[in-house]
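Have a look at the structure below before the remarks.
Readers should treat all values here as calculations from the given coordinates under stated rules, not as data from a laboratory. Predicted model, so just to flag it, every value in this text is computed and none were measured. Positions of Cβ are backbone-derived with ideal geometry, glycine not excepted, and every protein chain shown enters the neighbour counts.
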């Protein structure tokens, strides 16, 4: 049985490695399209499923494909990756002193069957000064991350706490993924 | 200004490195003694403060000493590091299907002044089968960790979620530590 991670995210790669899985990486190429009017959970399930479907088509054999999609939702706004430094600063000001939610959809395709679930985690930012926001933007960490921060980097000192799965905030809900993989006979422990 | 981490924990070292701090490592030697009748918060503050005091005495100059102590509290029992594999299995069975709390005390000593705080994080384990507990014990991960698990390892698939600071569960509450360091003029961002 071959396992393929349909994502180019270095964080997702690191997390699957932490679980001791042997896998290949084959990111989805397509620009996934978001339908209007979906909830955040429906959005990430839909996007993860599209990615899994696209990559599965390239591996006809005995292959498990794992895909995921993450969005950040703050004050009713869905935040993707920042366009530029100014956009990162805007997003970080929106997150400062407030709770927001991170949603990750994960989809596992195997033998033509698709299993997809979404997980939500609340993230509580402390009040962050403009000086700190600028210093954090200068680290470059915000640029390739939804919501303009990485919980596993220097933003760790800005985050008072979370409620939910930490790995979901990094881009892959590991406990939930373990449950899905178990149903198709892949045991992580 | 010299910074010294008064701990031999590889996790704490990794976390300070993640923050970009330059520091030396000098673990406390003494066996700290726990007073009877203290709350978990008082216990970890007392132990972290003892470690900081011991190591500070060895660095008379312009030195910031950071010490920490972590305990796990489940069903009213304080769990330290397991004595052996059987003890690890016993602890993991106690955690299965329940919430428990992880307490870390952090103490910063600088210029004769000691600043110490404690942070609590709730950790929710899913129901874990005996087979999984044995498989996890076989990884060797439980042996050097309070409560017999590491949230940053394969136990990630056993943990549904947490409420609080993830890094506190790893052994160092980074947001709180950042606040303490700021008061003595060390800015992490």
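Here is how the numbers come out for the structure above:
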| read-out | value |
| --- | --- |
| In the range A:1-17, residue nearest to the other protein chains (Cβ to nearest Cβ) [restricted to those that are over 14 Å from residue A:171 (Cα atoms) and either assigned to a loop (DSSP other than H, G, I, E, B) or touching a helix residue (DSSP H, G or I) at 6+ places or on another chain (Cβ under 9 Å) (or both)] | A:3 |
| For residue A:123: the one exception among (1) in a helix (DSSP H, G or I); (2) within 14 Å of chain B (Cβ to nearest Cβ) | (1) |
| Filter result for residue A:172 (more than 7 Å from chain B (Cβ to nearest Cβ), in contact with a helix residue (DSSP H, G or I) (Cβ under 6 Å, 6 or more places away or on another chain) and either under 22 Å from residue A:48 (Cβ atoms) or not in a helix (DSSP H, G or I) (or both)) | yes |
| Residue identified as more than 14 Å from chain B (Cβ to nearest Cβ), over 30 Å from residue A:131 (Cβ atoms) and surrounded by fewer than 19 Cβ atoms within 10 Å (Cβ to Cβ) among A:61, A:20, A:76 | A:61 |
| Conditions (1) out of contact with any strand residue (DSSP E or B) (no Cβ under 9 Å at 6 or more places or on another chain); (2) buried (at least 19 other Cβ atoms within 10 Å of the Cβ): number failed by residue A:43 | (1) |
| Matching entry among A:122, A:141, A:131 (being within 22 Å of residue B:155 (Cβ to Cβ) and free of Cβ contacts under 8 Å to residues at least 60 places away in the same chain) | A:122 |
| In the range B:1-17, the residues that are more than 14 Å from the chain's Cα centre (by Cα) and surrounded by 15 or more Cβ atoms within 10 Å (Cβ to Cβ) | B:3, B:4 |
| Scan of the range A:93-108 for residues that are closer than 22 Å to residue A:143 by Cβ and either under 18 Å from the mean Cα position of the chain (by Cα) or part of a strand (DSSP E or B) (or both), ordered by number | A:95, A:100, A:101, A:102, A:103, A:104 |
| Extreme residue, nearest to residue B:120 (Cα to Cα), among residues of the range A:126-165 that are more than 8 Å from chain B (Cβ to nearest Cβ) and touching a strand residue (DSSP E or B) at 6+ places or on another chain (Cβ under 6 Å) | A:147 |
| Residues satisfying the stated conditions in the range B:176-189, i.e. surrounded by fewer than 22 Cβ atoms within 10 Å (Cβ to Cβ) and in contact with a strand residue (DSSP E or B) (Cβ under 6 Å, 6 or more places away or on another chain) | B:176, B:180, B:184 |
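Residue-wise test of (1) buried (at least 22 other Cβ atoms within 10 Å of the Cβ); (2) over 16 Å from residue B:147 (Cβ atoms); (3) more than 19 Å from the chain's Cα centre (by Cα).
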position: B:54; (1), (2), (3): no, yes, no
position: B:91; (1), (2), (3): yes, no, no
position: B:110; (1), (2), (3): yes, yes, yes
position: B:117; (1), (2), (3): no, yes, no
position: B:126; (1), (2), (3): no, no, yes
